[in-house]
Amino acid sequence: MNNAHKKILLSGTQATGRPHIGNYFGAMKQFADLQNEYLSHIMIADYHSLNTIRDAGELSRNILGVATDYLAIGLDPEKVVIFQQSAVPEHTELAWIFNTLTTMPYLMRAHAFKDAEAKGKEISVGTFDYPMLMAADILLYSPDVVPVGQDQKQHVEISRDTAEKFNHLYGDTFKLPKEIIMDDVKVVPGTDGRKMSKSYGNTIPLFASDEEIRKAVMSIPTDSKGIDEPKDIEHDNVFALHKLFPGFEFAEVQEKYMKGGMGYKESKEILIKNISRFIAPLREARIKIESDKEYVLDVLREGGKKAKKIAEAKMEQVRERVGVKLY
Ligand code: TYM
């Protein structure tokens with residue numbers, strides 16, 4: 001399809017460490033799957049990550065790491081604009097303008113803020129304001145779609161609200177974006193059955209070694225049902241992961257779960273084999289890309305330039321609309 005006729009996609013991930021299979025199935029896989037169909041902009045949200053990463057060396061490594069991850073899962077920098085949020089200062093500039101339109105009570109309803117507050121965490125202004133920077137990330141690029149996991153749905157809704165508010169006050173400026181959330185992987189469960197998340201320590205890293213995979217799978221708690229007893233495919237965490245990594249024996253596993261005939265040990269061994277088979281080529285690809293740091297930096301440099309061009313044009317329009325552009 002001609003690029004001019006393609007719809008626009010934007011998404012991103014934070015640079016907070018190694019991605020896990022929740023990030024992959026919930027969002028990153030869609031980045032790769034949709035790259036031919038959409039004009040895609042895939043960002044590394046490094047300024048968002050400053051809310052949690054305070055070590056400069058660690059943040060730099062993480063940024064390079066996410067860029068490497070993106071390339072390893074098959075994003076083609078010829079098709080996809082891969083860039084750092086910080087390479088485009090228009091993001092923080094637009095976030096400021098959105099700050100002036102948004103009320104504190106509105107942002108206090110955001111799940112991420114409420115969760116942090118409920119945990120009694122010390123909350124930075126940056127964490128409170130997170131959704132405004134994310135709205136800027138999205139709206140600068142006029143995307144039609146934003147592929148994310150369920151936990152980001154509210155943030156995309158806030159972006160849409162913010163666009164509507166601005167459009168209402170200053171005239172039609174921003175396209176209203178829509179999230180893409182894949183129903184069957186909207187919340188990928190971790191090894192303990194809760195949402196897979198680094199903060200719960202229940203992840204399977206996307207580029208895990210075979211040893212890490214084995215350790216993670218073996219740590220999944222199961223009930224005490226014996227081999228011959230039927231098992232609960234709705235609530236078993238091992239089976240939930242079989243659904244993400246179905247090997248040729250999936251139908252057999254499912255049948256034996258329902259009728260009895262397979263113990264958790266055997267089920268876990270099959271799962272380990274299938275996850276390892278899936279991850280091995282991704283891990284190999286990543287090792288190759290990682291060895292060429294200059295290439296990865298080039299991708300970021302070029303992506304940053306392309307993104308900046310788009311954001312600059314939008315920001316010119318915004319400055320004009322709000323009345324600060326005099327010449
Ligand atoms: P982040 O870095 O926390 O996560 C990246 C993506 O992974 C999805 N995800 C999951 N999906 C399914 N199951 C899970 N267990 C799971 N865990 C994580 C997230 O929903 C997300 O899509 N705020 C964003 C980063 C961001 C962004 C943006 C995204 C900043 N600006 C603009 C889209 C558009 C975040 O923290 O994602």
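Points to keep in mind about this one:
- Residue list for region 26-47, filter: part of a strand (DSSP E or B) and not β-branched (Val, Ile, Thr): Tyr38, Leu39, Ser40, His41, Met43, Ala45
- Scanning region 294-309 for residues that are closer than 21 Å to Ala45 by Cβ and open to solvent by 100 Å² or more (accessible area, probe 1.4 Å) turns up Arg301, Lys305, Lys309.
- Taking region 163-196 as the range and being within 11 Å of the ligand (Cβ to nearest atom) and assigned to a loop (DSSP other than H, G, I, E, B) as the test, the residues that pass are Pro177, Ile181, Met182, Lys186, Val187, Val188, Gly190, Arg194, Met196.
- Out of Ile53, Ile82, Ile44, Ile21, one residue alone is under 14 Å from the mean Cα position of the chain (by Cα), more than 10 Å from the ligand (Cβ to nearest atom) and either open to solvent by 50 Å² or more (accessible area, probe 1.4 Å) or under 30 Å from Ile213 (Cβ atoms) (or both). It is Ile82.
- Out of Ile275, Ile287, sole residue that is out of contact with any Phe, Trp or Tyr (no Cβ under 8 Å at 6 or more places or on another chain), more than 30 Å from Tyr141 (Cα to Cα) and not aromatic (Phe, Trp, Tyr): Ile287
- Failed criterion for Gln152 (all others in (1) surrounded by 17 or more Cβ atoms within 10 Å (Cβ to Cβ); (2) over 18 Å from Asn23 (Cβ atoms) hold): (2)
- Among (1) outside the structural domain of Asp33 (by TED's automatic domain parsing); (2) open to solvent by less than 70 Å² (accessible area, probe 1.4 Å); (3) outside any helix (DSSP H, G or I) - the single one Pro143 does not satisfy: (1)
- Residues satisfying the stated conditions in region 110-162, i.e. near the ligand (Cβ under 9 Å from one of its atoms) and at pLDDT below 95: Ala112
- Qualifying residue in region 241-251 (condition: over 25 Å from the mean Cα position of the chain (by Cα) and buried (at least 17 other Cβ atoms within 10 Å of the Cβ)): no
- Condition check for Ser199: at pLDDT below 95, hydroxyl-bearing (Ser, Thr, Tyr), outside any loop (DSSP other than H, G, I, E, B) and farther than 18 Å from Lys29 by Cα: yes
- Of all residues in region 231-243, those that are assigned by TED's automatic domain parsing to the domain that holds Ala216 have Cβ atoms under 7 Å from Cβ atoms of residues that are in a loop (DSSP other than H, G, I, E, B) and surrounded by fewer than 19 Cβ atoms within 10 Å (Cβ to Cβ), 6 or more apart or on another chain, in Lys231/Lys225; Asp236/Thr222; Asn237/Gly193; Val238/Thr222; Phe239/Ile233.
The values are calculated or read from the model by the stated rules, or taken from the named source; none is laboratory data. All of these numbers come straight from a predicted model, not from anything done at the bench. Virtual Cβ from ideal backbone geometry, glycine too; neighbours counted across all protein chains shown. Quick note on the areas: whole protein, heavy atoms, side chains included, nothing else; ligands and nucleic acids left out. Shrake-Rupley method; radii C 1.70, N 1.55, O 1.52, S 1.80 Å.
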